[in-house]
1. Based on Cα positions only, what radius of gyration and what Dmax would you give for the stretch 635-733, in angstroms?
2. Students often check this: by mean Cβ neighbours within 10 Å, which of 451-457, 174-180, 476-482 ranks highest, and how do the rest follow?
3. Rounding to the nearest 20 debye, state how big the charge dipole of the stretch 7-85 is about its Cα centre with +1 on each Lys and Arg Cβ and -1 on each Asp and Glu Cβ.
4. Under the Karplus relation 6.51 cos²θ - 1.76 cosθ + 1.60, θ = phi - 60°, what is the ordered set of whole-Hz ³J(HN,Hα) values for the stretch 208-215, x standing for Gly and Pro?
5. To the nearest 0.05, what FRET efficiency results for residue 7 and residue 64 with a Förster distance of 35 Å applied to their C-beta separation?
6. Take the Cα of residue 457, step 7 Å along the line toward its Cβ, and report every residue of the stretch 549-581 whose backbone nitrogen sits under 14 Å from that point.
7. Length gain on complete extension for the stretch residue 741 to residue 320, per 0.36 nm per residue less the alpha carbon to alpha carbon distance?
8. Using 1/(1 + (r/R0)^6) with R0 = 60 angstrom and r between the beta carbons of residue 673 and residue 724, what's the FRET efficiency to the nearest 0.05?
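The values are calculated or read from the model by the stated rules, or taken from the named source; none is laboratory data. Please read these numbers as outputs of a predicted model, since none were measured by experiment. Note: ideal-geometry Cβ built from the backbone for every residue, glycine included; neighbour counts use all protein chains shown. Heads up: the accessible areas ignore ligands, DNA and RNA and are worked out on the full protein's heavy atoms, side chains in. Shrake-Rupley method; radii C 1.70, N 1.55, O 1.52, S 1.80 Å.
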Amino acid sequence: MVFGQERATLSGYVRDASNGEALIGATVLVKAGGNGTTTNVYGFYSITLAKGTYEIDFSFVGFARQLRTVNLQENVRLDVELTTQSNELQEVVVVGTAERSMVESVEMSVNKIDIKTISRIPAFLGEVDVIRSLQQLPGIATVGEGASGYNARGGNVGQNLILLDEATVYNSSHMLGFFSVFNPDAVKDVKLYKGAVPAPFGGRLASLLDVRMKEGNAKDHEITGGIGTIFSRLAVEGPMLNNNGSFIAAARRSYIDVLARPFVDVLQDGARLNFYDLTGKVNYHINNRNRIYLSGYTGRDIFFFDKQQGFSWGNNTATLRWNSIINDRLFANFSGIYSNYDYLLRFGEDDRDYFKWNSSIANYTFKPQFNYFISSNNELSFGGEGIYYTFEPARATGASNGETIDISLAKKYNLEAAVYASNNQRVGENLSVEYGLRYSHFWSFGPGVQYSYNDTTPGVRRLPVASTRYNRGEVMSDYGTWEPRLAVVYQVNPVSSLKASYIRMAQYLHLISNTTASNPLDVWTPTSNNIKPERGDQFTLGYFRTIRAQNAYELSVEAYYRTASNQIDYIDGADLLINEYLEGDLLSGRGRAYGLEFYVQKKTGRINGWIAYTLARTELQVEGINRGNWYPARYDQLHNLKLTGFYELSKRWSLSANFTLLSGTPATFPTSRYVIQGILIPHNANETRNNFRIPAFHRLDISARLEGNPVKRKGKVRKNTDYWVFGLYNVYARKNPFSIYFSQADERVPAGQPIESRATQLSVIGTVIPAISYNFHF
């Protein structure tokens, strides 16, 4: 019942009753009238209504609903804790946004995968992995087995912004792409934006992957871990400071080098082959309105052939955040962030003859963010961001017979700043819009040298013709970009809606790589006077529908068209490593990507899962390549089909499988050949790029999960839980091609004899790989 038009605000947090973790995207629905909202990334909600008595429905997928009656005569603070559903079948698969908001929310081109679902997807060597799980979604592709990162809607790996508790992760891979840096025991929420990226985010063209860490169990101490085929992991969490805070610490390490050391001579001589990572987070509840968080990550891969020779790479991040409820309608968050990525390459047997190369990128970020809940139909977000970068392209030295040579490159210093405002508004009963504007600006500062290059035939190396030296703090170049954002949803009926969106994005950092797949030695370089910022526009239109009672099925179809300017490509024979004149080997052009994404998910029952299919094209046009004509990008795939299924065989046994079928990716093959002094030299006479396609990729993976017996011998229920996972990766031993290269069949042949050429297919994995792992929680 409503009394007049005076208004009051209901606000608070929605948390998991079992551990106190904030629930991101929980639905808060007013039963009378249908007004509602969802919790933000910290679990906070605020809704302003006319004074009166209301029934409020709090819900989150996988949790039991909770109805609360609220007499709203003044501002009310109501914190709610939801309990998990007793029927585990209801929480096996959670892909897409929250139950109510999938149709009604303005969000589109977004996938949210629950960590419980990720843990059930068949994985390489039985190890749960965030990035590889994303590759089962529509619009997400990879160039081959074990490739680092992912490609989203025609973007390259370097066009994805990957965040761990707001800190940028520049290389998300362990073991050259087979595993990701995210420890599943420390991950709470995974959200992928392929389009309709909100105004608070920018800096990359293709996608945003927002990974949020657990806060730690605030109610009880617990230990989680696992022992697998290739590595083990352990996580400890619990309350601290008289229950005013909580913590979590998680660690992983591979141990193939430890197990193999007694049997492999090179490992006994100092060779190392492993990776490790440490993830941690603490939070402290200052008072009812203020909380601080400190989280961090450090991880490294080590591939050393002996004590002196090899390479390694790793990420380090730290995030300090302060949440403050300024008043019942205004929520603020202030973040200070540090990110660093570096790698080391070293060869040589002693200090007289060696080569050593270090490279790194580091950034320091300050980010204030505000959410103002104007009414139940209107939420305003505004804030800013400042990022200071330090690039060290090469700290490189070499020695020959004791004589040292320094070929290091100068550091680069840059500042990226942005401000934004956006409004999420319900215009009418069936129409909602989210509109916003972001302005970003990028500066390059001295000390440094700026080169000017000659004009030459497109596709030919440009040479420096002039240089200008800048002192510390002087502006060498700067660029600014307005980035509008718009998303609209029209609800056709209670179970279906139409959505549309438009975004413009700007990218000021560029990943320099001309290999088939990204690798740890790829170089990040900033925008300069010679390298323009990449800018992209994306238009998306979609249809969303839930089917049958309790939204048992979800269906979506999205069409997208994306254009990009100042796309980077390379001249033939480009020298990308430790090259002071790198910019002379770079080319700039246009890109376009367009496609259709189909997605059907069965969410409940003993059999559930999803089907994802993408029909797409990704093309580039660069003067000096392919005679100036459009050509397919290396990661272009016309067809992309993924099937993921789960079957609850019994209370203890469950089965899962996924099948992947991808069109072959483009490759540049020779069209003719030269023979010089008995040596065959392949040649591309037509100057074409990516003129053939390698064979299609397809693979089937299966796994079985056995839950531990929940009952002790005397009939008591066990407090701790455990389970086994048995898996087969690449079940029918498909030799999927990663690349194909051409060479002479015999090194030399007698004069006058014909010379045969040979095509060789490289397959990263060509056999079935079994795996077993044991996982526990107590």
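1. Reported Rg and Dmax, both Å: 25.1, 84.
2. Details: 451-457: 12.6, 174-180: 23.7, 476-482: 15.7.
Top to bottom by mean Cβ count within 10 Å: 174-180, 476-482, 451-457.
3. Values: 7 positive and 7 negative charges, 51 e Å.
Rounded to the nearest 20 debye, it is 240 debye.
4. Once rounded to whole Hz, the list reads 10, 10, 9, 9, 10, 7, 4, 8.
5. Numbers: r = 30 Å, r/R0 = 0.87.
That gives a FRET efficiency of 0.70.
6. Only 572 pass the distance filter.
7. Numbers: separation 421, 0.36 × 421 = 151.56 nm, distance 4.84 nm.
That pair, residue 741 and residue 320, stretches by 146.7 nm at full extension.
8. Values: r = 55 Å, r/R0 = 0.91.
The calculated FRET efficiency here is 0.65.
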